[in-house]
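Some notes on the structure that comes next.
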Amino acid sequence: DMIDAVFNQMIDRGSINNNPPVVVPSDHEDELNPFGPGIKWKSDNPGAYRVLELPKSEQIEFSKMEFLLGMVQKLFGVMDYAVADTGGLAGNRTASGIMSVIAEGNVKFDDMIRALQDINEDLYNFIVNLNADNLDDNFIYQLTEQQGNPFKSINKSYWAGNFDFESVGNSININRGIEQNNALLSYNTIVNSYGKNPAISKETMLDVTSNFFRSIDVRNVRLKSEEQMVQEEASAQQVQSTALQMQGQQLQTEMQLNQAKALEKQAKAGEVAQNAPAMV
């Protein structure tokens, strides 16, 4: 029984019920009996070596399936696999009400499936990167039995960068299409409203651009960061301020030159008037 329990725990690691305590006699010494999944409970029965019986994982799975089945039945207006017009609670619902519940349910289930698939993609990427971190450089992964290249090897950087996991399936594709359409609509709306709507900033433009490329799963597009945009804006303002300052200095210099020319012209006119012969 204890060996069975150990193997079951190795095969199905997803349930707490696959880690049952082992009941042992009160004089049990752990170092003399290195077996069992871990925890041991003392017993006054000298022949009490056994695995404590816990609820079977199948029973728990059946309970979850019954709960989900009941939820789906209530959601779709179908009770005990009977159509709505056969009676029951679903018979009191209108067709439009059932359709609205189904539509809302489809969106919610798609959201749950997409969230699960996104987590799976992150998990796969994590596993690949973890394997890459623990690989030796030029890790040999295949024996080719060829004279020129008997051993095929791979390095860490190539292993970590050679995977791009993407979930597929009807629910995923439908939900991804909805997400892409929403991202494209948001992008076009913001681009066409930029400069017209005071609530739209450069950060908003950056957000919708990033969301658009993420929705179509394009990952090799480099976008400016907010810090870079702030630095470029500050540099542009400084350049503009310097240009305005230089333009002001140039205008001031021209005004001074014009004033000097006017004074010089006035002085020459005075000299001419002074040297002119007096009229009799």
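Laid out as a table, the results:
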| read-out | value |
| --- | --- |
| Subset tally (residues that are touching a Lys or Arg at 6+ places or on another chain (Cβ under 7 Å) and under 27 Å from ASN220 (Cα atoms)) for segment 119-162 | 3 |
| Scope segment 221-252; condition closer than 15 Å to SER201 by Cα and among the hydroxyl-bearing types (Ser, Thr, Tyr); matching residues | SER225 |
| Subset of segment 195-216 [surrounded by 14 or more Cβ atoms within 10 Å (Cβ to Cβ) and over 21 Å from ASN175 (Cβ atoms)] | ILE200, LYS202, THR204, MET205, LEU206, THR209 |
| GLU271 vs. criteria within 22 Å of the chain's Cα centre (by Cα), part of a helix (DSSP H, G or I) and at pLDDT below 85 | no |
| Residue check for GLU254: within 30 Å of GLU121 (Cβ to Cβ), without any contact (Cβ under 8 Å) to a residue 12 or more places away in the chain, in a helix (DSSP H, G or I) and out of contact with any helix residue (DSSP H, G or I) (no Cβ under 8 Å at 6 or more places or on another chain) | no |
| Odd one out for ASP133 among (1) surrounded by 12 or more Cβ atoms within 10 Å (Cβ to Cβ); (2) touching a helix residue (DSSP H, G or I) at 6+ places or on another chain (Cβ under 8 Å); (3) more than 28 Å from SER215 (Cβ to Cβ); (4) modelled with pLDDT of 75 or more | (1) |
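The values are calculated or read from the model by the stated rules, or taken from the named source; none is laboratory data. Not measured: the values here are computed from a predicted model. Here Cβ is always computed from backbone atoms with ideal geometry, including for glycine, and neighbour counts include all displayed protein chains.
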